[in-house]
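To start, the structure itself, in structure tokens.
The values are calculated or read from the model by the stated rules, or taken from the named source; none is laboratory data. Computed from a prediction, not measured in an experiment: that's the story for all the values here. Cβ placement follows ideal geometry from the backbone for every residue including glycine, while neighbour counts extend to all protein chains displayed. Note: accessible area is taken over every heavy atom of the protein model, side chains too, but ligands, DNA and RNA are not part of it. Shrake-Rupley method; radii C 1.70, N 1.55, O 1.52, S 1.80 Å.
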Amino acid sequence: RIYANMQSFICFLISCNIGEIFTILLSTLLGVPEPLTAMHLLWVNLVTDGPPATALGFNPPSPDLMLQKPRPKDEPIMTKWLLTRYCVTGFYVGLATVGIFVGHYLGEMKLTWGQLRNWSKCGDVWNPTSQASSCDDLFGKGRMLPQTLSLTTLVCMEMLKALS
């Protein structure tokens, strides 16, 4: 029972953190603004990852626990299969989190992919022609809504993960 609960706790935290890592990695590789700030990541780790992981650590034993064969003493908590599965899931979470962020800029804010990739050169190389009247409207104060969408996507996906 202790082994299974430790495995649930550790695997949940690792799978959630892989999603957060892929979110930052993808946004960096794509050259778009970061969809989550350090405060967002801290909040996600403290508030939405900790309590569900702790609850998973206190799961009751399965009713047929005593009917199962003993596990080998050298069986790892994280197998290669689990790590591969969590990396794939984390990539999907990162892709969805970055996707909703980029989608907001390309769809709602009517930016081109080139403008979004050159967001740091707004005002120097290109000027906003969409709903925003200034670069600050796009990437300063205007980043609050897309970051909120990204944070909500990440949290919802992690909560769904806790239920699986």
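Miscellaneous remarks
- A residue that is assigned to a helix (DSSP H, G or I), open to solvent by 80 Å² or more (accessible area, probe 1.4 Å) and touching a helix residue (DSSP H, G or I) at 6+ places or on another chain (Cβ under 6 Å) can be found somewhere in the range 86-93.
- For the range 34-81, a residue qualifies if it is among the acidic types (Asp, Glu) and either more than 28 Å from LEU138 (Cβ to Cβ) or not in a loop (DSSP other than H, G, I, E, B) (or both), and the qualifying residues are ASP49, ASP64, ASP74, GLU75.
- THR97 being of a type in the set (S, T, N, Q), touching a Leu at 6+ places or on another chain (Cβ under 7 Å) and at negative phi: yes
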